[in-house]
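J.: Below is the structure I would like to discuss, written out as structure tokens.
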Number of protein chains: 2
Amino acid sequence: MSSKSVGSEHRGGDSVCNVAIVGFGTVGRSVARILLEHPPEKLRLCLIYNRGVDKKKVPWVQPHVRWTERIEDVFAPDIDIMVELIGGLKPAQDWIRAALLAGKSVVTANKQLIAQRGTGLIALARQQGRQIGFEASVAGGIPVIRGLREGLAGDCLFRISGILNGTCNYILTRMEASGLPFASALKEAQDLGFAEADPTDDIEGYDARAKLAILAQVGLQCAIDPSEIGCRSISVIEAIDFAYARRLGCTIRQVSQAEKSAGDKAQLFACVQPALVSLSSPLAQVQGAQNLVMTAGKYGGKTVFSGHGAGGDPTAVAVVSDLIAIAGRGREPGGPVSATETDSSNSSHPVSGEFSSPHYVRFIVRDRPGITAALATVLSNYRINIDALLQEPGMEKSRLPFVITLEECSNAVLERALEEILKFDFHVQPPVSLPVLS
Amino acid sequence: MSSKSVGSEHRGGDSVCNVAIVGFGTVGRSVARILLEHPPEKLRLCLIYNRGVDKKKVPWVQPHVRWTERIEDVFAPDIDIMVELIGGLKPAQDWIRAALLAGKSVVTANKQLIAQRGTGLIALARQQGRQIGFEASVAGGIPVIRGLREGLAGDCLFRISGILNGTCNYILTRMEASGLPFASALKEAQDLGFAEADPTDDIEGYDARAKLAILAQVGLQCAIDPSEIGCRSISVIEAIDFAYARRLGCTIRQVSQAEKSAGDKAQLFACVQPALVSLSSPLAQVQGAQNLVMTAGKYGGKTVFSGHGAGGDPTAVAVVSDLIAIAGRGREPGGPVSATETDSSNSSHPVSGEFSSPHYVRFIVRDRPGITAALATVLSNYRINIDALLQEPGMEKSRLPFVITLEECSNAVLERALEEILKFDFHVQPPVSLPVLS
């Protein structure tokens, strides 16, 4: 039903682009729904691929859209853009390469693939004169890839921080609001579909670091291997930590941060970890499964983007926005792929996880005289200055939680001090240290 | 010193674009500084126009950049992009038209011009195969034009609200924080350079409504005449209003709002006014001269953009980002100008200023028995329900401020009730009504 000739060399620009969705899960269904309910100019959904496709068919998809379980149909000449929504590295990477080699542009929500293989795929797209859009790979419906790459292109960004994992933010804000223990908040998140049966990728920070690697590449022009970004789990956080954090005017969030030092030999710092953030910070104000990205630039100062970081419909908005950009720009290579990414060489930038900040350290001990003196002596040996000691009243002596706040110190030095401190016999469980972000 | 041929038909894409800055004030200087300190690929500053240019020359501009006070030099064949930073309608409009007709693309920060004449200029740019970028016309360094038009292109936005005037937000947040009267906060803003000697455009909402008109066109696809957007002044706000607002869990902000109803014959509501906003709203969290834009979409839900809405450097970031987009996309018409704007016809969309919401009404009266009964009777005649009556203790009887909160009612009906109420002789000054935004 398309009026243009099959395999036309003049697709894009003024003619219609035929779209194939690969993977008809939550996001795929939302993409199809938007494309059918509000068909954007120049875009036409015409093929849906899924394994065992018969079980996926839904009546609201119009009859002109074909269903297939043969991936080869996606690489056929009548398809202009492949939307990859199967996730994971295999076979997504092979299929995206095949699509690009067959002259299609690609839109993907695949954060792990873009974080780990993005540079190569972008280079291939460029070489093929095609485009690859990945707005949906970070922060769902928040247009942060475009915001960093194009909207703030005129600035020199040096820092990106944010809340990139809605599951962790849901768990932490539930613990904050209701005093739930971590395990109960996680269970609740799983029951509500905010967390997966195996929540490791979220809780340990692996999901967030893939997104942070993409943002660092797009916004800081640093290609980094996501596995080099240090992660710390949020599973060590207890309800009592929120009580102490509040006494310090703070709350606790899983914060992803990347910062580039000035100069030609720019150092890159990056990590994903639970941290204390001031209640007045935009990071503290992110509730539930929302996401937020904050940039700092030499000229523009701080800019904040926030909204729905996940979910079928918001993620589909990002996919459809990429489709519209590709259809509008046709074969122009300056579309979703800009010079920025391709400039960063394939070799990845070394990443440091070392930083200085005030710290919060929470102990749980069997109380006895001399504990404070013992801790203070070790910290002093490492030249770490104690700022304050906090203890909530009415706690059990056999399992006493208390907090020491520390003046600015290196996380690596503190780590060594805590290893030494861990040798004392008064711990009920290992101490938890969190940076206090300003 | 440019390597490309003068007047080349293949400018953009891979060759260098020569840039002329028209107007060397605060923003012009920042644009020049960014272009010279961090020259973006394919962009070259080569001409600066200003009246009485000799007084404007600065030593840090390199000698290859020419200075001129002849605007004709900007229209010469060796210039590819004109950056218009003189503001106002005349002669900016004529010069932009001349530049487009001479085959140049244009970048402008001129909100009044884009709000009032944008449709025609965009159509001319399209006709000429050139581009016009106006990211800097709204919310300074926050990439909201690109965010709405491209980043959220895949959504169906139905509401845009925000804090679009940094001067008003500075004044209101100062009143909030320190209990200053309006006049003192305004004076302070003027002394610090946040407000102009004649602050009318800011205080009365004329500045914000021009920006709102641009956002409505870009995000809601409604071309509107900014003069049709109802404005209410923030000058009626008194320090006592912040005390009452806080008792209601709110604060006061100048809020710009535009909302489109669903359906083919979409109604557009738009206004700029002081309003009570919940302390937990992103609007309440905007401090000082910052800006914030919040969108609501059918699929993506709420998305928030915030940052520095004014100032030389942040505004220059928006200008340079537009320049980079134009240089990268060359002659491709899908750049800063998208189909969206040109689709909206030249005829402007009718605007309604009528809305329903709970209201806050503050009276200042010479106290005597029967005032509440008199007010309640009139309100009841208009079928407006009173929610609560608030009175701070210890106020002077001869000048007693008190507040009535009203359940959801039409602002137009309330207006008529207040006209009737104004006839009573107990007023020390006219009552002030503010909507309470949820």
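J.: Yes or no: A:Ser438 without any contact (Cβ under 8 Å) to a residue 60 or more places away in the chain, more than 18 Å from A:Ala239 (Cβ to Cβ) and hydroxyl-bearing (Ser, Thr, Tyr)?
T.: Judged against the criteria, A:Ser438 is not a match.
J.: Find the residue count for region A:57-70, including only residues that are open to solvent by less than 60 Å² (accessible area, probe 1.4 Å) and either under 25 Å from A:Gln93 (Cα atoms) or in contact with a strand residue (DSSP E or B) (Cβ under 6 Å, 6 or more places away or on another chain) (or both).
T.: Of the residues in that region, 3 qualify.
J.: Out of all the residues in region B:309-334, which are open to solvent by 20 Å² or more (accessible area, probe 1.4 Å) and either more than 7 Å from chain A (Cβ to nearest Cβ) or at pLDDT below 95 (or both)?
T.: Residues satisfying the conditions are B:Ala310, B:Gly311, B:Gly328, B:Arg331, B:Glu332, B:Pro333, B:Gly334.
J.: Another one. Looking at A:Asp54, A:Asp73, which is the one that is away from chain B (no Cβ under 14 Å) and loosely packed, with under 11 Cβ neighbours inside 10 Å?
T.: Result: A:Asp54 is the single residue among A:Asp54, A:Asp73 that is away from chain B (no Cβ under 14 Å) and loosely packed, with under 11 Cβ neighbours inside 10 Å.
J.: I'd like to know if region A:119-131 contains one or more residues that are buried (at least 24 other Cβ atoms within 10 Å of the Cβ) and under 19 Å from the mean Cα position of the chain (by Cα).
T.: no
J.: Could you give every pair whose Cβ atoms fall below 6 Å, whose first residue belongs to region B:341-357 and is under 13 Å from B:Gly118 (Cβ atoms), and whose second residue is in a loop (DSSP other than H, G, I, E, B) and at pLDDT 90 or above, counting only separations of at least 6 or pairs across chains?
T.: B:Ser344/B:Gln221; B:Ser344/B:Ala223; B:Ser348/B:Ala223; B:Ser348/B:Ile224; B:Ser348/B:Asp225
J.: Give all pairs with beta carbons closer than 7 Å in which a residue from region B:403-422 that is over 24 Å from B:Ala243 (Cβ atoms) meets a residue that is open to solvent by 70 Å² or more (accessible area, probe 1.4 Å); count only pairs at least 6 apart in sequence or on separate chains.
T.: Qualifying pairs under 7 Å: B:Ser410/B:Glu354; B:Ala412/B:Glu354.
J.: Which of the numbered conditions does A:Glu150 fail, given that it passes all the others? Conditions: (1) in a helix (DSSP H, G or I); (2) out of contact with any Gly (no Cβ under 8 Å at 6 or more places or on another chain); (3) open to solvent by less than 10 Å² (accessible area, probe 1.4 Å); (4) within 14 Å of chain B (Cβ to nearest Cβ).
T.: Evaluating A:Glu150 over (1) in a helix (DSSP H, G or I); (2) out of contact with any Gly (no Cβ under 8 Å at 6 or more places or on another chain); (3) open to solvent by less than 10 Å² (accessible area, probe 1.4 Å); (4) within 14 Å of chain B (Cβ to nearest Cβ) leaves (3) as the failure.
J.: Considering region B:257-298 alone, what residues qualify as being within 11 Å of chain A (Cβ to nearest Cβ), open to solvent by 10 Å² or more (accessible area, probe 1.4 Å) and of a type in the set (Ser, Thr, Tyr)?
T.: Residues satisfying the conditions are B:Ser280, B:Ser281.
J.: With a cut-off of at least 1 residues that are among the basic types (Lys, Arg) and in contact with a Ser or Thr (Cβ under 8 Å, 6 or more places away or on another chain), name the helices (runs of 4 or more DSSP H) lying wholly within region A:197-298.
T.: A:206-220
J.: Need the failing condition index for B:Asp241 against (1) over 22 Å from B:Asp201 (Cα atoms); (2) surrounded by fewer than 21 Cβ atoms within 10 Å (Cβ to Cβ); (3) in contact with a helix residue (DSSP H, G or I) (Cβ under 9 Å, 6 or more places away or on another chain), just the number.
T.: Result: B:Asp241 fails condition (2) only.
J.: Here is a further query. Condition first: open to solvent by less than 20 Å² (accessible area, probe 1.4 Å) and touching a strand residue (DSSP E or B) at 6+ places or on another chain (Cβ under 8 Å). Now tell me which residues in region B:30-42 satisfy that.
T.: B:Val31, B:Ala32, B:Leu35
J.: Return the residues of region A:58-104 that are over 24 Å from the mean Cα position of the chain (by Cα) and of a type in the set (Gly, Ala, Ser); say none if nothing qualifies.
T.: Listed by number, the residues that qualify are A:Ala76, A:Ala98, A:Ala99, A:Ala102, A:Gly103.
J.: Now for a different question. Based on this model, can you work out whether A:Val16 counts as surrounded by fewer than 21 Cβ atoms within 10 Å (Cβ to Cβ) and closer than 14 Å to A:Leu323 by Cα?
T.: When the stated conditions are applied, A:Val16 passes them.
J.: Has region B:194-203 got at least one residue that is open to solvent by 60 Å² or more (accessible area, probe 1.4 Å), at pLDDT below 95 and of a type in the set (Gly, Ala, Ser)?
T.: Yes; the residues of region B:194-203 include at least one that is open to solvent by 60 Å² or more (accessible area, probe 1.4 Å), at pLDDT below 95 and of a type in the set (Gly, Ala, Ser).
J.: Of the residues in region B:171-196, how many are closer than 18 Å to B:Ala239 by Cβ and part of a helix (DSSP H, G or I)?
T.: Matching residues across region B:171-196 total 16.
J.: Please work out which one of (1) without any contact (Cβ under 8 Å) to a residue 40 or more places away in the chain; (2) touching a strand residue (DSSP E or B) at 6+ places or on another chain (Cβ under 7 Å); (3) farther than 18 Å from B:Val320 by Cα is the condition B:Asp78 fails and give its number.
T.: Going through the list (1) without any contact (Cβ under 8 Å) to a residue 40 or more places away in the chain; (2) touching a strand residue (DSSP E or B) at 6+ places or on another chain (Cβ under 7 Å); (3) farther than 18 Å from B:Val320 by Cα, B:Asp78 breaks only (1).
J.: Here's another thing I want to ask about it. Out of curiosity, is A:Lys423 of a type in the set (Lys, Arg), farther than 30 Å from A:Gln221 by Cα and at pLDDT below 95?
T.: Against the criterion (of a type in the set (Lys, Arg), farther than 30 Å from A:Gln221 by Cα and at pLDDT below 95), A:Lys423 does not qualify.
J.: I'd like to verify a number: residues in region B:204-228 that are of a type in the set (Val, Ile, Thr) and either more than 12 Å from the chain's Cα centre (by Cα) or surrounded by fewer than 22 Cβ atoms within 10 Å (Cβ to Cβ) (or both), how many?
T.: 2
J.: Could I ask something else about it? Looking only at residues in region B:171-193 that are of a type in the set (Ser, Thr, Tyr) and open to solvent by 20 Å² or more (accessible area, probe 1.4 Å), which one is farthest from B:Thr303 (Cα to Cα)?
T.: Per the criteria, the residue is B:Ser184.
J.: Taking the options B:Val138, B:Val107, B:Val144, name whichever one is over 25 Å from B:Leu268 (Cβ atoms) and within 13 Å of chain A (Cβ to nearest Cβ).
T.: That would be B:Val107, the only listed residue that is over 25 Å from B:Leu268 (Cβ atoms) and within 13 Å of chain A (Cβ to nearest Cβ).
J.: While we're looking at this one, here's another question. Would you confirm whether any residue within region A:155-170 is within 25 Å of B:Asp322 (Cβ to Cβ), at the interface with another protein chain (Cβ under 9 Å from one of its Cβ atoms), open to solvent by less than 20 Å² (accessible area, probe 1.4 Å) and part of a loop (DSSP other than H, G, I, E, B)?
T.: yes
The values are calculated or read from the model by the stated rules, or taken from the named source; none is laboratory data. Everything quoted here is computed from the prediction, not taken from an experiment. Here the Cβ is made from the backbone with ideal geometry for all residues, glycine too, and neighbour counts use every protein chain on show. Just the protein is used for accessible areas: all its heavy atoms, side chains included, with ligands, DNA and RNA removed. Shrake-Rupley method; radii C 1.70, N 1.55, O 1.52, S 1.80 Å.
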